[in-house]
1. Mind checking the dipole of the stretch 3-252: about its Cα centre, +1 per Lys or Arg Cβ, -1 per Asp or Glu Cβ, Debye to the nearest 20?
2. Under 12 Å from the Cβ of ASP20, count the other residues' Cβ atoms, weight Lys and Arg +1, Asp and Glu -1, and hand me the total.
3. What order do you get for MET109, MET173, MET59 when you list them from fewest to most C-beta neighbours inside 10 Å?
4. Using just the helices of the chain, give the 222 nm mean residue ellipticity in deg cm²/dmol: DSSP H runs with n ≥ 4 each add -39,500 (n - 2.57), and the total is spread over all residues, rounded to 500.
5. Is any residue of the stretch 126-168 close enough, with backbone N under 16 Å, to a label point placed 7 angstrom from the Cα of SER253 along the Cα-Cβ axis, and if so, which?
6. Loop only per DSSP, at most 15 neighbouring Cβ atoms within 10 Å: give me the GluC sites (Glu not before Pro) in the stretch 131-205, ordered by residue number.
7. Quick one: order ASP77, ASP204, ASP130, ASP54 by neighbouring beta-carbon count within 10 Å, fewest to most.
8. Can you return the lysines within cross-link range of LYS217? Criterion is Cα-Cα under 22 Å, with same-chain partners fewer than 8 residues away left out.
Amino acid sequence: MRVDVFGATDIGRKRAFNEDRFLVAETPAAVALGEGPVLLLAVADGIGGHAGGDVASAMAMDTLKARVFERLPSPWDPLTAPAVLVSAFNAANEAVYVHARDTDHLTGMGTTLVAALIAGSRVFVANVGDSRLYHIRGGIASQITLDHSWAAEQRRVSSMSDKDISRSPFRNMVTRSIGFAETLEVDTFTMDLKAGEGLLLCTDGLYGPLKEKDILKAFRKRRTAQDVCRKLIRAAVKAGSRDNITAVAARTS
């Protein structure tokens with residue numbers, strides 16, 4: 001199965017600088033049976049503004065890549081993938097937390113982080129925060145990750161109406177992030193990926209102003225992952241996104 005991958009980010013129209021980061025990389029570990037390299041995809045959305053959101057997202061991404069490349073076994077063993085991702089997320093959390101603790105002007109910085117390892121027909125996903133991974137299959141865009149945000153948690157327990165949530169001063173609060181605390185809880189997911197399907201990793205600057213039908217339209221009408229990313233970023237800007245906008249798309253054939 002061939003996987004076409006592309007990532008892109010845009011500062012958007014409302015922000016002075018870009019706190020988002022993305023990663024598209026091939027790991028040195030080989031998939032069993034000679035199916036090719038393992039792909040590592042990730043998206044991060046920095047938290048903290050002038051307090052270093054861009055620093056946090058960059059540190060998290062660099063640490064993630066280094067730790068995954070270091071820990072993945074060769075030959076490839078799929079049983080290790082979730083643990084490798086969790087270990088890398090914890091390493092990123094420690095790096096950001098310690099740097100924020102020891103640097104006065106960076107106190108309070110953090111970042112969301114969503115990552116996927118694509119190994120043959122299997123995808124291993126890890127997530128902290130409210131950046132998302134979607135699986136595009138059979139005309140449906142399924143959100144695989146759960147948002148770690150105050151608003152999403154209220155919706156999951158049905159404790160408040162959407163109207164009340166939208167009025168709350170906590171509506172934009174992320175409840176779990178890289179660098180916020182010494183310890184970290186990481187969500188992991190495992191899924192199958194078949195030819196003719198797709199993946200989208202993105203920040204809330206992209207999915208916030210768009211609907212799932214917009215994501216499906218981009219995958220249906222665009223031939224390459226690069227086309228998908230650029231179409232979705234343009235659509236988010238046109239829809240009035242007030243944040244940085246980042247996407248990593250994968251298409252299989």
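Rule-based calculations on the coordinates, nothing more; no lab input. Because the structure is predicted, anything quoted here is derived from the model rather than measured. A quick note on method: Cβ atoms are made from the backbone with ideal geometry, for glycine too, and the neighbour counts reach across all protein chains shown.
1. In debye, rounded to 20, the stretch 3-252 gives about 1320.
2. -4
3. Numbers: MET109 29, MET173 13, MET59 24.
The fewest-first ordering by Cβ neighbours comes to MET173, MET59, MET109.
4. My calculation for the chain gives -10000 deg cm²/dmol from helical runs alone.
5. none
6. GLU182, GLU185
7. Numbers: ASP77 13, ASP204 23, ASP130 26, ASP54 20.
Going from sparsest to densest Cβ surroundings: ASP77, ASP54, ASP204, ASP130.
8. LYS194, LYS231, LYS238
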